[in-house]
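Worksheet: the structure to be examined is printed underneath.
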C-alpha cells in the first residue's frame, strides 16, 4: 500500500474503452481527418490516514485479513478503495487478477460489476426526469407500449403452477421500476416458484435480442405480484435502460458514455473490454474446482443486449468517481449531472409499510430501498457496523460499494468470486468502520 503517492493512471493515445479514449478532444483537422488530442488527468486526490480519522494500526487488520484469505485460497484476489472527505485514504490490490496464469491483481484491474450497474442506470433516469421528460408516477406503458397488456400470474396454493392471469390493480410506474416494486422478477433469486421458472425459461430468448426486443419479450411474461405491493429483485432496471433509449433517442451505451462516463472521467467503464485492455480483466475463479466459473459475462465483445441492470465493466477508481458524485449531491470536479434534491430523493427510503418484502428481501433487516440502491434505516437491527442513511449495493460476482453521508465515507470492493460475495461484504464493512477513530 502506497498512500502518499498520487496514482498516475496509464494513458494511451490509441487506447479505447467502450467508445471513447482516455483523452479530451481538442480539435479535428478536416483535411486529412487527423484528430489532435490533449491528455486529461482523472486521478482522485489522496490524503494520509490520520488526516481523515483512520488509525493506520487498526486499518492494518483489514490488510492482514485479506492477505490471509488469499493465502488460504478463500478468494483469488480483490481490490479495495476507501475515500473520506473526498480523498483516498486506502487503496490496495490483493492476490491474483488471474489465478490460473498467476497474474497479480492490479489496482486498476477491470471487473464485471453486474448489479452495481443499476445505480448508474438509475442516475441516468433521474437526469432525464430533471429535464421534464417524464414523472416518476407515469406508467411505463406510456413509453414502452409492450407493457399495456401485462398480466399478473394467479398461482395454485403451493406456488408451483400458474393457473390463470389477471389484470394488474394499477399500472407499473417508473418509480416501481426504480425501487423494484414493479411485479417483475429475475427467476434465479428466492424460491423457484412457477413464475420465476417462467422467467428463467424466457431469459435466453430475452437476452439474445437487442434491448428493445428483449424488453418487449419481457413484458410478455406474467408479473409475480401486483405493482407496488411487493419488493422483488428483478429485470426492472433493464426496463429503465430501455426507457432511457426511448426518451433520449440514444442507444443505452451511447447515453452512458456521452452523458455520464465522459463528463465524470469514467474512462474504464463500459459494456465490454477491447482487446487492447483485456490484460487488465479480472478473471473469475472457483477455489473448489480450481477453474473459472462458466457463468460469468463475456466481456470481450459488445453485447447484443445492453443490460442496464447488470452489464457494465468498471474499475474501483472509476466507480469511486460515480460514488463521489452521489456523496457530493450530484457534482464532481465542477461537473453537475443532477441537483442536490434529486440525490436526496434517490437516497430516501421508498418502501412503505404496504410493500411486502417477498421471500427473499436482499436489502436485509433494518434497510429499505431507494431509487437504485438499498438505504439503511437505522444503526440498529442490521447486523454490521454502519450509519443511518448509508446507501449501498453490490454485484453478483462479489463486487460491492457503500456510501456513508454521515461519515463522508465511500468504500468499494472489487472481486470476481461469486460464492464469496456474502462471506466478505459484512466483514469488509466491520473492518473498515472499526478503524475510524476520530
Residue hits (the stretch 150-168; within 20 Å of residue 239 (Cα to Cα) and touching a residue at least 60 places away in the same chain (Cβ under 8 Å)) are 150, 151, 152, 153
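Matching residues to (1) at pLDDT below 90; (2) over 24 Å from residue 332 (Cα atoms); (3) not in a loop (DSSP other than H, G, I, E, B):
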position: 4; (1), (2), (3): yes, no, no
position: 43; (1), (2), (3): yes, no, no
position: 68; (1), (2), (3): no, yes, yes
position: 83; (1), (2), (3): no, no, yes
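Among the listed residues 211, 264, 243, identify the single one that is buried (at least 24 other Cβ atoms within 10 Å of the Cβ), under 21 Å from residue 322 (Cβ atoms) and touching a residue at least 60 places away in the same chain (Cβ under 8 Å). Outline the logic, then answer.
Details: 211 fails: under 21 Å from residue 322 (Cβ atoms); 264 fails: buried (at least 24 other Cβ atoms within 10 Å of the Cβ).
Sole residue among the options that is buried (at least 24 other Cβ atoms within 10 Å of the Cβ), under 21 Å from residue 322 (Cβ atoms) and touching a residue at least 60 places away in the same chain (Cβ under 8 Å): 243.
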Are there any pairs with C-beta distances below 6 angstrom linking a residue in the stretch 304-323 that is assigned by TED's automatic domain parsing to the domain that holds residue 266 and closer than 14 Å to residue 253 by Cα to a residue that is part of a helix (DSSP H, G or I) and modelled with pLDDT under 95, with the two at least 6 apart or on different chains, and if so which? 305/207
Just the residues that are in a loop (DSSP other than H, G, I, E, B) and in contact with a helix residue (DSSP H, G or I) (Cβ under 8 Å, 6 or more places away or on another chain), please, taken from the stretch 163-177. 171, 172
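Go through the stretch 136-155 and report how many residues are assigned to a loop (DSSP other than H, G, I, E, B) and either modelled with pLDDT under 95 or out of contact with any helix residue (DSSP H, G or I) (no Cβ under 9 Å at 6 or more places or on another chain) (or both).
Narrowing the stretch 136-155 to residues assigned to a loop (DSSP other than H, G, I, E, B): 136-138, 143-144, 150-151.
Next, from what is left, pick out any that are either modelled with pLDDT under 95 or out of contact with any helix residue (DSSP H, G or I) (no Cβ under 9 Å at 6 or more places or on another chain) (or both): 151.
Result for the stretch 136-155: 1.
Only one residue in 208, 228, 202 is at pLDDT 95 or above and in the same structural domain as residue 160 (by TED's automatic domain parsing). Which one?
On the way: 208 fails: at pLDDT 95 or above; 202 fails: at pLDDT 95 or above.
It is 228.
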Considering only residues that are surrounded by fewer than 22 Cβ atoms within 10 Å (Cβ to Cβ) and in a loop (DSSP other than H, G, I, E, B), look in the stretch 311-339 and name the one that is farthest from the chain's Cα centre (by Cα). 334
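Here's a check for you: in the stretch 401-418, which residue that is farther than 18 Å from residue 89 by Cα and in contact with a strand residue (DSSP E or B) (Cβ under 7 Å, 6 or more places away or on another chain) is modelled with the highest pLDDT?
Taking the stretch 401-418 as the starting set, the residues that turn out to be farther than 18 Å from residue 89 by Cα are 415-418.
Now restrict to residues that are in contact with a strand residue (DSSP E or B) (Cβ under 7 Å, 6 or more places away or on another chain): 415-416.
Numbers: 415: 92, 416: 88.
The qualifying residue modelled with the highest pLDDT is 415.
Only residues that are under 22 Å from residue 402 (Cβ atoms) and part of a strand (DSSP E or B): list them for the stretch 96-115, please. I'd like the intermediate steps shown before the answer.
Of the stretch 96-115, the ones under 22 Å from residue 402 (Cβ atoms) are 105, 107-115.
Listed by number, the residues that qualify are 110, 111, 112.
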Return only the number of the condition from (1) outside any loop (DSSP other than H, G, I, E, B); (2) farther than 30 Å from residue 353 by Cα that residue 209 does not satisfy. (1)
Let me confirm something: among 195, 215, which residue is assigned to a helix (DSSP H, G or I), more than 26 Å from residue 413 (Cα to Cα) and either at pLDDT below 95 or touching a strand residue (DSSP E or B) at 6+ places or on another chain (Cβ under 8 Å) (or both)? 195
For the stretch 428-437, state whether one or more residues are buried (at least 21 other Cβ atoms within 10 Å of the Cβ) and over 19 Å from residue 80 (Cβ atoms). no
Condition first: touching a strand residue (DSSP E or B) at 6+ places or on another chain (Cβ under 6 Å), over 20 Å from residue 424 (Cα atoms) and crowded, with 18+ Cβ neighbours inside 10 Å. Can you find one or more residues in the stretch 62-77 that meet it? no
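The rows are residues; the columns are (1) over 22 Å from residue 206 (Cα atoms); (2) surrounded by 17 or more Cβ atoms within 10 Å (Cβ to Cβ).
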{"position": "140", "(1), (2)": "no, yes"}
{"position": "145", "(1), (2)": "no, no"}
{"position": "153", "(1), (2)": "no, yes"}
{"position": "157", "(1), (2)": "yes, no"}
{"position": "173", "(1), (2)": "no, yes"}
{"position": "176", "(1), (2)": "no, yes"}
{"position": "182", "(1), (2)": "no, yes"}
{"position": "185", "(1), (2)": "no, yes"}
{"position": "192", "(1), (2)": "no, no"}
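I need the full set of residues from the stretch 356-389 which are part of a loop (DSSP other than H, G, I, E, B), surrounded by fewer than 21 Cβ atoms within 10 Å (Cβ to Cβ) and in contact (Cβ under 8 Å) with a residue 24 or more places away in the chain, in order please.
Of the residues in the stretch 356-389, the ones part of a loop (DSSP other than H, G, I, E, B) are 357-366, 370-373, 377-389.
Next, only the ones that are surrounded by fewer than 21 Cβ atoms within 10 Å (Cβ to Cβ) stay: 357-362, 364-366, 377-385, 387-389.
Passing the criteria: 357, 358, 359, 360, 361, 362, 377, 383, 384, 385, 389.
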Scan the stretch 390-400 residue by residue and report those that are touching a strand residue (DSSP E or B) at 6+ places or on another chain (Cβ under 6 Å), touching a residue at least 24 places away in the same chain (Cβ under 8 Å) and part of a loop (DSSP other than H, G, I, E, B). 397, 399
Could you tell me which numbered condition residue 188 fails, if it satisfies all but one of (1) outside any strand (DSSP E or B); (2) free of Cβ contacts under 8 Å to residues at least 60 places away in the same chain; (3) over 30 Å from residue 69 (Cβ atoms)? (3)
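Determine whether the stretch 62-73 contains at least one residue that is in contact with a helix residue (DSSP H, G or I) (Cβ under 7 Å, 6 or more places away or on another chain) and farther than 30 Å from residue 340 by Cβ.
Taking the stretch 62-73 as the starting set, the residues that turn out to be in contact with a helix residue (DSSP H, G or I) (Cβ under 7 Å, 6 or more places away or on another chain) are 62, 65.
Now restrict to residues that are farther than 30 Å from residue 340 by Cβ: 62, 65.
Scanning the stretch 62-73 turns up at least one residue that is in contact with a helix residue (DSSP H, G or I) (Cβ under 7 Å, 6 or more places away or on another chain) and farther than 30 Å from residue 340 by Cβ.
The values are calculated or read from the model by the stated rules, or taken from the named source; none is laboratory data. The structure displayed is predicted, hence computed values, not measured ones. As a convention, Cβ positions derive from the backbone with ideal geometry for all residues, glycine included, and neighbour counts pool all protein chains shown.
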